[in-house]
Amino acid sequence: MKKKTKRKVNYKKIAIGTIVFVVTAAILIFAGLYLYLSSFNNSAVDLSKKGVGSKLSKGEVEQIVKNGESCNILVMGVDVGTPGATNANDPKRTDTLILAHYDAKDKKISMVSIPRDTLIKINNKNQKINAAHAIGGVIYTVDAVEKLLGIRIDYYGKINYEGFRKVIDAIGGVDIDIKRTMSYDDPTQNLSIHFEKGKIHLDGKKAEEFFRWRKNNDGSGLADGDLGRIENQHMFISKIMDKIKSPGILIKVPGILKAIESSAETNMEAKDIIKYGYIFASNKGQLSMDTIKGDLKLINGQSYLVYNEAQNKNIISKLYDNKAIYVDKSKLRIKIINGTKKSGLASDFSKYLVEKGYNKPVTENGGTASKSKISVYNGNNDIKTALIKDFKIDNIEFLSSTQEKFDIIVLLGEDHEYMY
């Protein structure tokens, strides 16, 4: 009888085959995830093409994609709209507005909440900032925040309460210590909030109730209204951040993605979602949370929070990565041209700049312009951040040609409103 030949096992070949299989599977999974994430921005507003933001150049976009550069992401949580409305296009306000800033140099994340009662102007009328989305959607909201804070918004993410509930359920809920009894009912919004003081586990529905609560049926509750509610939200967000940093979150990613599939919208590309999602999830405690400060005022019977620039100096400085340079405002020679039929628009803006510490500008009327623009002579791009912050105009050109009489010429277009 022939002896059976013992088969030699080629472990090296098996190992290589296994690695090839795993890598191929990973690529296929990643490709599927990429395509899935790409669907999130199918209906998104392109901020670089809608006259909102500072129109990033191709080079700037490539740098952000390549290096994960510093960026500002505006997070919007929209409400249910008109109670009982069945129209999908029913105007919805932003119940929550949070600006998330990533500092690529220091690897820090700063989150700034913007109270929904913050005073802004839309079409020269007083409005609360939460109404911007109901009036003009994402574009108006982004524009309002950029003008208020003097910053550029690179990305936005929007989610409704249905998506919020599903996401919280998908991550397994959160445990939180409720500091006071909450008891509030609003049948028109199908809202019923009832929590006793103490530690409790919040699923999606309960998390929404906690997130939205401001007062009780008897009128008791948070003395400072929305500002107190934001403190609760910050506490809740810190619990969420702890949750998504845990190793167990990996197996829940498919459920999270499914939860937000029909409830979220963003202008981020898939690679950006993955990149910045990883950055935020892997953040090692370098996170700060602040709330915009201001003065509570009653104007024509409406209560507003009036933004106070001096009070927010430290908060806003976190959004510039310490890149803002000193500008000697008293030495800049400025001319303002009114490119509209709005009487006194240039004088109004001149008064505003003087209060900011600039020399009194020369004013005149000029030809019709639809969009405001700043032309900078004898200067460089280093002062761009300071100009956006002070002038509230992000359309800036730096000219190599000289101008004997002026360093800056401001053309006010139809998009510019009175400052007073």
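Brief remarks on what is shown
- If the condition is being over 30 Å from Lys243 (Cα atoms) and in a strand (DSSP E or B), then the stretch 278-314 contributes Gly294, Asp295, Leu296, Lys297, Leu298, Ile299, Gln302, Ser303, Tyr304, Leu305, Val306, Tyr307.
- Scanning the stretch 394-420 for residues being aliphatic (A, V, I, L, M) and farther than 16 Å from Leu353 by Cβ gives a total of 1.
- Among the criteria (1) touching a residue at least 40 places away in the same chain (Cβ under 8 Å); (2) farther than 20 Å from Asp79 by Cβ, the one Ser183 does not fulfil is (1).
- Of the residues screened, Arg165 is not one that is in contact (Cβ under 8 Å) with a residue 40 or more places away in the chain, touching an Asp or Glu at 6+ places or on another chain (Cβ under 7 Å) and closer than 30 Å to Asn308 by Cα.
- Conditions (1) surrounded by fewer than 19 Cβ atoms within 10 Å (Cβ to Cβ); (2) under 19 Å from Gly294 (Cα atoms): number failed by Ile135: (2)
- Filter result for Pro254 (free of Cβ contacts under 8 Å to residues at least 24 places away in the same chain, surrounded by fewer than 17 Cβ atoms within 10 Å (Cβ to Cβ) and over 25 Å from Ile73 (Cα atoms)): no
- Strands (runs of 3 or more DSSP E) contained entirely in the stretch 362-420, each with at least 2 residues that are polar (S, T, N, Q) and in contact (Cβ under 8 Å) with a residue 24 or more places away in the chain: 362-365
- Looking at Leu202, Leu191, Leu222, just one residue is at pLDDT 80 or above and either of a type in the set (S, T, N, Q) or in contact with a Gly (Cβ under 6 Å, 6 or more places away or on another chain) (or both), and that residue is Leu202.
- Selected residue (criterion: farthest from the chain's Cα centre (by Cα)) from residues of the stretch 353-393 that are surrounded by fewer than 18 Cβ atoms within 10 Å (Cβ to Cβ) and either in the same structural domain as Ile316 (by TED's automatic domain parsing) or hydrophobic (A, V, I, L, M, F, W, C) (or both): Val362
- In the stretch 165-184 there is no residue that is in the same structural domain as Asp79 (by TED's automatic domain parsing) and in contact with a Pro (Cβ under 8 Å, 6 or more places away or on another chain).
- Hey, Tyr156 within 25 Å of the chain's Cα centre (by Cα), of a type in the set (Ser, Thr, Tyr), part of a strand (DSSP E or B) and surrounded by 15 or more Cβ atoms within 10 Å (Cβ to Cβ) or not: yes
- Per-region count, the stretch 102-153, residues in a loop (DSSP other than H, G, I, E, B), within 24 Å of Met419 (Cβ to Cβ) and over 17 Å from the mean Cα position of the chain (by Cα): 2
- Flag if Glu231 is surrounded by 15 or more Cβ atoms within 10 Å (Cβ to Cβ), touching a residue at least 40 places away in the same chain (Cβ under 8 Å) and assigned to a helix (DSSP H, G or I): yes
- Selection within the stretch 322-367: residues that are over 24 Å from Lys293 (Cα atoms) and among the aliphatic types (A, V, I, L, M). The member of this set that is modelled with the lowest pLDDT is Val327.
- Failed condition for Leu319, given (1) surrounded by 15 or more Cβ atoms within 10 Å (Cβ to Cβ); (2) at pLDDT 90 or above: (2)
- Scope the stretch 294-311; condition out of contact with any strand residue (DSSP E or B) (no Cβ under 8 Å at 6 or more places or on another chain) and surrounded by 13 or more Cβ atoms within 10 Å (Cβ to Cβ); matching residues: Glu309
- Residue satisfying all of: in the stretch 159-204; under 23 Å from the mean Cα position of the chain (by Cα) and of a type outside the set (A, V, I, L, M, F, W, C); surrounded by the most Cβ atoms within 10 Å (Cβ to Cβ) among these: Tyr161
- Qualifying residues in the stretch 324-352 (those that are part of a loop (DSSP other than H, G, I, E, B) and of a type in the set (A, V, I, L, M, F, W, C)) - the one nearest to the chain's Cα centre (by Cα): Ala324
- Single match in Lys351, Lys341, Lys329, Lys360 (criterion: within 30 Å of Tyr102 (Cα to Cα) and of a type in the set (D, E, K, R)): Lys329
- When Ile122 is tested against (1) crowded, with 19+ Cβ neighbours inside 10 Å; (2) at pLDDT below 90; (3) touching a Phe, Trp or Tyr at 6+ places or on another chain (Cβ under 7 Å), only condition (1) is not met.
The values are calculated or read from the model by the stated rules, or taken from the named source; none is laboratory data. Treat the numbers as computed from the prediction; the structure is a model and nothing was measured. Don't worry about glycine lacking a Cβ; one is built from the backbone with ideal geometry, like all the others, and counts go over all protein chains shown.
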